[in-house]
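Report on one structure; see the data block that follows.
The values are calculated or read from the model by the stated rules, or taken from the named source; none is laboratory data. Since this is a predicted model, take the numbers as computed values, not measurements. Note: ideal-geometry Cβ built from the backbone for every residue, glycine included; neighbour counts use all protein chains shown. What goes into the accessible areas is simple: the full protein's heavy atoms, side chains included, and nothing from ligands, DNA or RNA. Shrake-Rupley method; radii C 1.70, N 1.55, O 1.52, S 1.80 Å.
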Amino acid sequence: MADSNLKTKDQIAVGCSDNQESSSNDISFRGMKCKEHTMKGCSFYCKDCKEFICDKCITKAHKEHDVVDEEDYNTELNELLKTQKETEIELSKMSWSKVSPITSGSAEVRDKTEQQQKPEIKVIRQFATDSTLVYGLTTCSGDFMLMMLNDYVYGNLNYMYQAGGYTPHMQIKSCKCFRVFDIAVDSTNNILLSVQGESVLRVFNVTTKQISNSNYNVAPLITQGIHVTRERKVIIGCVTPEARGKQVVIVMDEAGNHVNQYDFDDNTKEALFTEPCRISSTSNGNICVVDLDQSPVGRIVVLQQAGNIKQVYHGHQDRPFKPTDILTTPLDNIVVTDCYNHTLHILSCDGVFITYIKTEDLGITAPYCLAYSGSGTFYIGCSTRSEWPPSVQAKIFQVQYSGF
């Protein structure tokens, strides 16, 4: 039976190796470095400790633990994902935004069933920063968090280690003062940076803390939102340096070769985007883009691989919708932050509205950005700028989610 302790690609941001011909969900251990023995590569996964380890670890800290090699790991992982996909199909038949369409049975049974099916989140811990805004977040290697804090236009780069557990008031270290538009974990567990006004993505090395140029170049355009897919492709939202220029989403392979470019709808020939500022993707190949205009309001554009618009989502409330970040869950549902309405919007993999969650009811005000933290949890970074005067302790919440 598949073990739910296994990590998916979304949780470790590592894809399949080039010479694998098995399921696209397979995880390659190639390139993973052992956290304990940093000069050795990982060959096994410890299910007891939920981490990738080397052959030396088996004889020491992980002796007599439940350990699997790469082949057994991927066999169990694909069995788990198959079960999750079957669950997703069943869940997609339900409409959580309205009363569950049950026509028989008592009201008590209907209420209980609807409660069990309803997507929800639960705060399990929170941290305070010394900033008014957590502009962006990402995590990798289990104990490392990179964040963009403060700055009224873009985020300044900061990082922290878990070191046995985050404390309510975190010890945050600063990197070079780049104005960073977006961040994403690449296939080597290092972090790509989209820097304000630049055409080439930078790479932040998690081990050395050094920043260098990557192979990903979109010149003469400049980069905005970035995303790394499960297949290790890099998707970049791009704009021209001048106002009212070209807006495009470019897909590249690991070597930096341009694979696809999306700028006009193949059917209508109209421009697809105004400002593609955050990006995610689903396992069926859809590309999901947070697209902002000058209002300021926004929308979610869901593209098919062919370049046609699958769905455009404009929000589900009376107030203006201005999305600020997006992620896709292992069940292929889309989560969108709506900072000004204190809301998370939950969509299907095709961008169809499922429900929304009022985070303010849980003490989470102005949710601005999202990042996976694994094992059915994710982080929400918040803003305090709706407050007056603004607090300099914008919070990061870790929440446990279910139903989506």
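Relative contact order of segment 246-301: 23 percent, from C-alpha pairs under 8 Å at least 6 residues apart in sequence. Computed over segment 305-375, relative contact order equals 27 percent, with contacts defined as Cα pairs under 8 Å that lie 6+ residues apart.
For segment 304-404, the per residue solvent-accessible surface stands at 38 Å², with DNA, RNA and ligands left out and a 1.4 Å probe. Here the relative contact order of segment 179-290, from alpha carbon pairs under 8 Å that lie six or more residues apart, stands at 18 percent. Take each peptide in 303-310, 253-260, count the other Cβ atoms within 10 Å of every residue, and average; sorted highest first, the result is 303-310, 253-260.
Rolling a 1.4 Å probe over the protein heavy atoms of segment 250-404, with every protein chain left in place, gives an accessible area that is 46 percent carbon and sulfur.
Greater than 29 Å separation of Cα atoms is the criterion. Which listed pairs, 50/395; 47/358; 40/63; 33/122, meet it? Distance filter (> 29 Å) returns 47/358; 33/122. Ordered from highest to lowest accessible area with the whole protein assembly present and a 1.4 Å probe, 318, 350 read as 318, 350.
Taking label points 7 Å from Cα along the Cα-to-Cβ direction, residue 123 and residue 377 give a separation of 1.5 nm.
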